[in-house]
Amino acid sequence: MTRSGENIELAPKEFSILEYLMRNQGRPLSRTMIVEHVWDVEYDGLTNIVDVYIRHLRGKIDDRYPVKMIHTVRGVGYMLEAPVLAGAQTED
């Protein structure tokens, strides 16, 4: 994956989560939805695995950039928004 022309290496699960977020861009996804899609297991709510992987993803694709792509939707989960400035492409 690249962002602003920089290559970003992702672990397989990070890639799977990002791909799922991208396929549902602008739509909040619950932790349950993410676990069931990426890990293909039922989510019991007793693990913070999604939060850990989202933190890893943010460290790789958001922390160094002023425009954030991964957003927390309070009480729901996470959502990807990749805004494009008028007349300028910010994301590759």
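Every number here is computed from the coordinates shown, using simple stated rules; none is lab data. Just so it is clear, the structure is predicted and the values come from calculations on it, not from any experiment. Here Cβ is always computed from backbone atoms with ideal geometry, including for glycine, and neighbour counts include all displayed protein chains.
In this structure, Thr47 and Ala82 have a Cβ-Cβ separation that, at R0 = 41 Å, corresponds to a calculated FRET efficiency of about 0.90.
Each of Val76, Phe15, Ser30 was placed along the dipole of the chain (beta-carbon charges, centred on the mean Cα), and the one lying farthest toward the positive end is Val76.
Site pair Ser16 and Thr2 shows an inter-label distance of 2.7 nm when each label is modelled 7 Å from Cα along Cα→Cβ. Relative to the longest principal Cα axis of the chain, at what angle does helix 12-23 sit, 0 to 90 degrees, rounded to 10? The helix 12-23 is inclined about 70 degrees to the chain.
Taking every Cα-Cα distance in region 2-80 and sorting them into 10 Å bins starting at zero, the pair-distance distribution P(r) comes out as 18, 56, 23, 3 percent.
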